[in-house]
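The structure appears below as structure tokens.
A short reminder: the numbers here are calculations on the coordinates, not readings from a lab. Because the structure is a prediction, the values reported are computed rather than measured. Note that we place each Cβ from the backbone using ideal geometry, even for glycine, and neighbour counts take in every protein chain shown.
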Amino acid sequence: MTAIEVHELTKKYGRSRVVDGLTFSLAPGGVTGFLGPNGSGKSTTLRLLLGLARPTSGTALVDGRPYSALTAPLRRVGALLDANAAHPRRSARDHLRVLAAGNDIPAVRAEEVLDRVGLTSVAGHRVGTYSLGMRQRLGIAAALLGDPEVLILDEPANGLDAEGMTWLRELLRAHAAAGGTALVSSHLMHETARYADHLLVIGAGTLLADQPLDAFLADRTAHVVRFRSTDGARLAEALRTRGHRVLPGEEGVWNVPGARPDDIGVVAAAEGLGVLELRAEEAGLEDAYLALTEGEGAHRGRPTSTAES
């Protein structure tokens, strides 16, 4: 039994293939993290699943049917694509009651989901007064309104504080434990690693990985060496010419998956470069993801090459 089934899904805009022959299926009882660089086709894939765009070819099915063919779709699929979907002058309670009425859902269900997402005390306030995190909670409440088996959420953690992220994590795991399916797009690797048991990774509209989280990590990472140098870009290039994969990190740190500290030290000495920091660590999801998607992003910045002091 599959809850979501995508087969050879393709979407073209003009000559550009935003989604290119994508195939995957998701069974009930799990949370799948949906990852990919900006412009990789994640949001378009979700829109195709939800019938908001028509595929050029291929199929995107929920419970064996296109979304447009579902009866009472809000009872089958709960979705959050835009935290700003609710009218800013309408209260959260009224927003949910309108959705409930339009989908033959009892009005009392609005109160139940408001309580579940922690918005009962502000349910009568206009949505326009809400913070981003509160609007995200309201969007999740709308997704839960019909008590659906399938959740499709696009960046649901945006704007949530630490408590909110813990709450979201627990909600997703509880949904899966009850036999539901969740497909969650996110750029927050550390959070994805804490709630997902499966990963889909796409780049340039094509499938790069479709694996359980543990297998994804085991296949791609064992350890990583991190370094800072007086000329990080030059040392990185020297390492690449010797066959190492080198990825830029934050604050001048460079990452070398699968290397040993001695490998970096020897090359730095040969190049006459100073090493300011050198440490070996177990690699995590972010390292594995970056190693897989290197060069796949539509919008890439150029790493700083100035010397550090």
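What distance in nm lies between label points placed 7 Å from Cα along the C-beta direction at Thr230 and Ala69?
6.8 nm
Of the beta bridges DSSP finds with both residues in the chain, what % are antiparallel, to the nearest 5?
65 percent
Quick one: if you stick a label point 7 Å off each Cα along the C-beta vector at Arg240 and Arg15, how many nm between them?
Placing both labels 7 Å beyond Cα along the Cβ direction yields 2.7 nm.
Any idea how far apart Ala280 and Glu163 come out in nm if each label point goes 7 Å out from Cα toward Cβ?
Going from the Ala280 label point to the Glu163 one covers 4.3 nm.
May I ask for the equivalent-ellipsoid semi-axes of the chain, computed as the square root of five times each C-alpha gyration tensor eigenvalue and listed largest first in whole Å?
Values: eigenvalues 338, 99, 57 Å².
Calculated on Cα positions only, the semi-axes equal 41, 22, 17 Å.
Over the Cα atoms of the stretch 80-216, what radius of gyration and what Dmax do you get, in Å?
15.6, 47
Taking R0 as 41 Å, what FRET efficiency do you get between Asp219 and Glu251 from their Cβ-Cβ distance, rounded to the nearest 0.05?
Working from the Cβ atoms, E equals 0.90.
Counting each DSSP H run of 4 or more residues in the chain as -39500 (n - 2.57), what helix-only mean residue ellipticity at 222 nm follows after dividing by all residues, to the nearest 500 deg cm²/dmol?
Values: 11 runs with 106 residues, N = 309.
Rounded to the nearest 500, the figure is -10000 deg cm²/dmol.
In percent, how large is the relative contact order of the chain, given Cα pairs closer than 8 Å and 6 or more residues apart? Each step should come with its number before you reach the end.
Numbers: 623 pairs, mean separation 63.2, N = 309.
Taking the mean separation of contacting Cα pairs over the length of the chain, I get 20 percent.
Rounded to two decimals, what is the ratio between the C-alpha radius of gyration of the stretch 136-218 and 2.2 N^0.38 Å?
1.11
Please report the projected area of the stretch 222-283's Cα convex hull averaged over all directions, in nm².
3.5 nm²
What ranking of Thr44, Thr206 emerges when the number of other C-beta atoms within 10 Å of each C-beta is taken as an exposure proxy, fewest first?
Exposure proxy ranking, most exposed first: Thr206, Thr44.
List the residues whose amide H sits under 5 Å from the amide H of Thr2, counting only those 5 or more places along or on another chain, with H placed 1.01 Å from N in the peptide plane.
none
Just name one of Leu239, Ala280, Phe227: the one whose Cα is farthest towards the positive end of the charge dipole of the stretch 222-283 (beta-carbon charges, Lys/Arg +1, Asp/Glu -1).
With unit charges placed on the Cβ atoms, the residue in question is Leu239.
At 0.36 nm per residue, and after removing the present C-alpha to C-alpha distance, how many nm does the segment from Glu271 to Ala107 gain when stretched out fully?
My answer for the length gained is 52.0 nm.
Dipole of the chain (Lys/Arg Cβ +1, Asp/Glu Cβ -1, origin at the Cα centre): which of Pro148, Leu171, Gly258 lies farthest to the positive side?
Pro148
Quick one: Ser91, Ser68, Ser43, Ser25, fewest Cβ neighbours within 10 Å first, how do they rank?
Listed from fewest to most nearby Cβ atoms, that is Ser68, Ser25, Ser91, Ser43.
Stretched out fully, how many nm does the piece from Thr129 to Thr59 gain, at 0.36 nm a residue minus the Cα gap?
21.2 nm
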